[in-house]
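Please read the structure below before turning to the comments.
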Number of protein chains: 2
Amino acid sequence: METQGKIYLVGAGPGDPELITRKAHRLLQEARLILHDDLVPAEILALAGSQAEIVNVGKRCGAKRITQAEINALMIDAARRCVDVVRLKSGDPAIFGRLGEELNSLEQAGVTYEIVPGITAGFAAAAALGMSLTDRRTASRLLIASAHHAIGDPNQPGTETIRPDWSGLQRGDTTLMIYMPGHGLAGLREELLAAGLPADTPAIIVSRATTPQQRHRETTLAEIAAGQPLEAPSVLLIGRALDRNRHAHSAAHQAANDIATLVEQAEAILAEK
Amino acid sequence: METQGKIYLVGAGPGDPELITRKAHRLLQEARLILHDDLVPAEILALAGSQAEIVNVGKRCGAKRITQAEINALMIDAARRCVDVVRLKSGDPAIFGRLGEELNSLEQAGVTYEIVPGITAGFAAAAALGMSLTDRRTASRLLIASAHHAIGDPNQPGTETIRPDWSGLQRGDTTLMIYMPGHGLAGLREELLAAGLPADTPAIIVSRATTPQQRHRETTLAEIAAGQPLEAPSVLLIGRALDRNRHAHSAAHQAANDIATLVEQAEAILAEK
């Protein structure tokens, strides 16, 4: 087996440079070549070592500067020249990032790779707004989906793009996390209402989570398509778990009854240490 | 408003100390009090500053050493004593971590908090095994669920625990990520088969992902309950996106045709820089 470089497919997280992992930070400092998506902010690229060559391989709004096949070839070429490469992908590499296709390509070429997970945008958005995504009182699961398509590769002739199947949501115990909701909100609302989700289900649209440009709109399923769209990239959260106020009464009751006793217990626990 | 400490509810990630965020690392270095779950490994706690008081508030296998109400009281008490607290939760705080209940408690007490997301175990497991969780060729979405219950709090009288609703999965374009699958695998298999998921759907069980004790078993839906259970904590992934080999033929065909041209293009792109 010939000596060659290694490809690190690294999650860049949601945008805040403090929300990349320690490992991503180390790999950026060590890399000689960094191939990054458009969405990775300059503050994260600034963490790279001075020896790093940094190439934007992003595709912005359909204007493809570099094709997916060319990205694959850049990685393979670098590995064959014995250069370690960081392929820096926004969020987590395994979510809506064509990771499978990049891995197939690397495996065909016999190139060694490693994946470094990152914080995906929806989790960062929930954290930034103080939301839990599951809650044993209301939501037992989380469905991450994209608004504008189900399976189907529009670049492959004979492949059909089909709409998502939203059955199973009528019970209301699923939190929805919808990526790339921008142009499909009215259609999505109709589909989710038709699937039996109540019109007053809490919904939040978060734009550019964890960056200085973060914006959000709190609304309901019925109103998700109202108003001006927020700037991309954005993520849409829908579900009863987002509305913790419905549980505030019981929490307040318990707090009023128990807080004095509990603080005493807490001090006792700390005193034991 | 009185001066007080702040509570940071911080994701500790899946186990590898390099997979915590830079922000989590900084907060651990600065904290005076760290309240951590059982699952957080010693290597991560070792990143704390020497001034930090470190308290294990974990519940192991039902032997509750400290109740949820006591954890809440510990946080509130520390904040009132003007101490910044890191509440360190394994994985991501918003997934299966009772975050909603802790936030309700802090809000009732008027305590300021901030949530720092972390890499959740299932994403780390997928990365460790080279798996994509969505793939536009096969899987358009990801459903994160727990094996052993739907909504329902067993500690609240009058609350019923109900089984999950798996309808909507028969199309096969959803990747499933099941947390805490340990004791419910046989029942889960029957439910998923009944929901229309093919018996040969690829499945992987990953135990203690990203730690030196990581183990995994590649199997199919039909066989998920076979063999000895892997050590907890584990996560179960199920879906066609896990089997990229089905796409290898077309990838190989394209690679054989195009690789020479693409490497030339790649070198031209690099030469332009």
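The values are calculated or read from the model by the stated rules, or taken from the named source; none is laboratory data. Since the model is a prediction, treat every value here as computed from it, not as a measurement. A quick note on method: Cβ atoms are made from the backbone with ideal geometry, for glycine too, and the neighbour counts reach across all protein chains shown. Side chains included, ligands, DNA and RNA excluded: accessible areas come from the protein's heavy atoms. Shrake-Rupley method; radii C 1.70, N 1.55, O 1.52, S 1.80 Å.
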Open item on the list: Looking at the range A:8-24, can you tell me whether even one residue there is modelled with pLDDT under 95 and open to solvent by 10 Å² or more (accessible area, probe 1.4 Å)?
Closed with: no
- [ ] Could you grab me the full set of residues in the range B:33-50 that are open to solvent by 40 Å² or more (accessible area, probe 1.4 Å) and modelled with pLDDT of 95 or more?
- [x] B:Ala42, B:Glu43, B:Ala46, B:Ser50
- [ ] Out of A:Leu197, A:Leu176, A:Leu169, report the one residue that is in a loop (DSSP other than H, G, I, E, B) and within 17 Å of B:Ser140 (Cα to Cα).
- [x] A:Leu169
- [ ] Consider B:Glu30 carefully, then state whether it is without any contact (Cβ under 8 Å) to a residue 40 or more places away in the chain and surrounded by fewer than 18 Cβ atoms within 10 Å (Cβ to Cβ).
- [x] no
Task: Some residue of the range A:75-89 being at pLDDT below 90, among the aliphatic types (A, V, I, L, M) and open to solvent by 20 Å² or more (accessible area, probe 1.4 Å) - done: no
Task: For A:Ala195: the one exception among (1) crowded, with 17+ Cβ neighbours inside 10 Å; (2) in contact with a Phe, Trp or Tyr (Cβ under 7 Å, 6 or more places away or on another chain) - done: (1)
Task: Residues (at the interface with chain B (Cβ under 7 Å from one of its Cβ atoms) and among the acidic types (Asp, Glu)) located in the range A:13-38 - done: A:Glu18
TODO: Count, please, the residues in the range A:226-241 that happen to be modelled with pLDDT under 95, assigned to a loop (DSSP other than H, G, I, E, B) and surrounded by 15 or more Cβ atoms within 10 Å (Cβ to Cβ).
DONE: 2
Task: Near pairs, Cβ below 8 angstrom, 6+ apart or cross-chain, from the range B:106-132 (within 9 Å of chain A (Cβ to nearest Cβ) and under 17 Å from B:Pro233 (Cα atoms)) to any residue that is open to solvent by 10 Å² or more (accessible area, probe 1.4 Å) and of a type in the set (Asp, Glu) - done: B:Ala124/B:Asp16
Task: So B:Ala109, is it touching an Asp or Glu at 6+ places or on another chain (Cβ under 8 Å) and either surrounded by fewer than 21 Cβ atoms within 10 Å (Cβ to Cβ) or modelled with pLDDT of 90 or more (or both) - done: no
